[in-house]
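See structure below.
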Amino acid sequence: MRQFVVMAKPVGPVCNLACPYCYYLGKRDLFPADEHYQMTDEVLEAFVASFTQASPGPVVHFVWHGGEPTLAGVAFYRRAVELQRRYLPDGWSCLNSLQTNGTLLDQKWCAFLAEERFAVGISIDGPGALHDTSRRDHHGRPTHARSMQGFRALREHGVDPDVLCTVNNATAGAPLEVYRYFLDQEVRWLQFIPIVERAEGGPPGAASATSVSPAAFGEFLCQIFDEWARHDIGRLDVQNFLEALLVVAGQPANLCVMSETCGLALAVEHDGSVYSCDHFVDREHFLGDVRRDGLAELVGSAQQLAFGQAKHDRLPAQCRECAVLPLCNGGCPKQRLAGPQDGAPLNFLCAGYRAFYDHALPYLERMAALAHAGRRVTSLMGQLEAEERDDRRRWLATGRNDPCPCGSGRKFKLCCTAKLRR
């Protein structure tokens, strides 16, 4: 049995927020107009039993997602935990992860999550002004204060939440403001998710107005990486950077977006329907029903294996010849909007990924070398500080008629000093 993930959707595409970039709210079109969006006890038990049986163990990792999964209520998750204990083999344990917008997390919720040792991720798009640009409720009201209240309530109960921050057309323009805000909140684990949605009615390859542009995404990651690599390694774990470091160090990526193939992250809807991926919940990628089909059989089905392999097989020639292919692998297939290139569409964010990996790779290679030598990767910060201090001294000691320290071969007065004047 292979280890795979299932994104369970206890209330389907229902959410108390109306974020314009959300890719899931539109999934209501798959269900009848009078649908009751709540996972029944029958579906819940079938899911818990099937996923536990399909897991290689000894830890079974349940992921609760949305929509907004807290809308299912605390009682739903108490029942889920009860069923998990019933179906766990002797000596096995469960890990539950909940991804939430945090706005409904009160004392009752936080006490339960702490008691059952749930891992919690909260979606926050940085400081209030940026967060509230997109993350508003169905009445148009801002939600940042409510999300942060939930964040602090978790901390008070001993739960240290991870943070998921989208990189959209608003947040992309303020990378350091966003990053330093999370530092001020003493966030320990941070993930940046680029927003890329196809423009409705637009030309092929066009992205929506809320999507981040390739150039802005690359610059966003580069600016934050420079700050992180010089000051915050070991203080704040940025998943985007650590996953890249893992690959550079010779290990396989954990994230499907960086993997050579995909297909090991299914989605189970509130009604028991199973789909190939959280990003491909549609009729074309319907796999079966958890009440009658085993999850092990579905993830190993010919349809799902072909879906996962297509990520690699449909790479355009530009990707196959790219120097950073091992780090990118074409990105998420959902974001392959641009093209076609040789009959295969190119990832919309290709230029941004390339800019970031080209920029970060020398530093990541140094970090990997430190780890292989048995040294702490945090020592890179001290190395960079010393190198840049010596570099500043070299520039200050350069005369106007000396060769420019940038290596252009021109005189300093005709090169970088002239640029600085402008």
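The values are calculated or read from the model by the stated rules, or taken from the named source; none is laboratory data. Quick caveat, the model's predicted, so the values are computed rather than measured. Reconstructed Cβ throughout: ideal geometry from the backbone, glycine too, with neighbour counts over all protein chains shown. To get the accessible areas, we keep the full protein, side chains included, count just its heavy atoms, and leave off ligands, DNA and RNA. Shrake-Rupley method; radii C 1.70, N 1.55, O 1.52, S 1.80 Å.
Taking the listed residues Tyr77, Tyr23, the one that is within 21 Å of Asp278 (Cα to Cα), open to solvent by 50 Å² or more (accessible area, probe 1.4 Å) and touching a helix residue (DSSP H, G or I) at 6+ places or on another chain (Cβ under 9 Å) is Tyr23, with no other qualifying. Taking first residues from the stretch 7-23 that are over 19 Å from Asp271 (Cα atoms) and partners that are among the aliphatic types (A, V, I, L, M) and open to solvent by 10 Å² or more (accessible area, probe 1.4 Å), the Cβ contacts under 6 Å between residues at least 6 apart in sequence or on separate chains come to Tyr21/Ile195. Within the stretch 293-311, the set of residues being open to solvent by less than 50 Å² (accessible area, probe 1.4 Å) and in a helix (DSSP H, G or I) comprises Leu295, Ala296, Leu298, Val299, Gln304, Phe307, Gly308, Ala310, Lys311. Scanning the stretch 363-422 for residues that are part of a loop (DSSP other than H, G, I, E, B), without any contact (Cβ under 8 Å) to a residue 12 or more places away in the chain and among the aliphatic types (A, V, I, L, M) turns up Ala373, Ala397.
Scanning the stretch 83-100 for residues that are in a loop (DSSP other than H, G, I, E, B), touching a helix residue (DSSP H, G or I) at 6+ places or on another chain (Cβ under 8 Å) and within 30 Å of Asn168 (Cβ to Cβ) turns up nothing. Could you list, in sequence order, the residues of the stretch 150-161 that are touching a residue at least 12 places away in the same chain (Cβ under 8 Å) and either in a loop (DSSP other than H, G, I, E, B) or open to solvent by 80 Å² or more (accessible area, probe 1.4 Å) (or both)? Residues satisfying the conditions are Glu156, His157, Gly158, Val159, Asp160, Pro161. Quick check: is even one residue across the stretch 280-292 of a type in the set (Val, Ile, Thr) and assigned to a strand (DSSP E or B)? No, the conditions are met nowhere in the stretch 280-292. All conditions but one from (1) open to solvent by 80 Å² or more (accessible area, probe 1.4 Å); (2) closer than 19 Å to Phe241 by Cα; (3) in a helix (DSSP H, G or I) apply to Tyr357; the one that does not is (1). Filtered by the rule that a residue be charged (D, E, K, R), open to solvent by 10 Å² or more (accessible area, probe 1.4 Å) and either outside any loop (DSSP other than H, G, I, E, B) or closer than 24 Å to Asp293 by Cα (or both), the stretch 235-274 gives Asp237, Glu243, Asp271. Could you check, for the stretch 29-41, whether at least one of its residues is in a loop (DSSP other than H, G, I, E, B), hydrophobic (A, V, I, L, M, F, W, C) and open to solvent by 50 Å² or more (accessible area, probe 1.4 Å)? Yes, the stretch 29-41 contains at least one residue that is in a loop (DSSP other than H, G, I, E, B), hydrophobic (A, V, I, L, M, F, W, C) and open to solvent by 50 Å² or more (accessible area, probe 1.4 Å). With the condition kept exactly as written, say whether any residue in the stretch 63-71 is at pLDDT 95 or above, open to solvent by less than 10 Å² (accessible area, probe 1.4 Å) and in a loop (DSSP other than H, G, I, E, B). Yes, because at least one residue in the stretch 63-71 is at pLDDT 95 or above, open to solvent by less than 10 Å² (accessible area, probe 1.4 Å) and in a loop (DSSP other than H, G, I, E, B). Checked against (1) at pLDDT 95 or above; (2) aliphatic (A, V, I, L, M); (3) surrounded by 14 or more Cβ atoms within 10 Å (Cβ to Cβ), Ala145 meets all criteria but (3).
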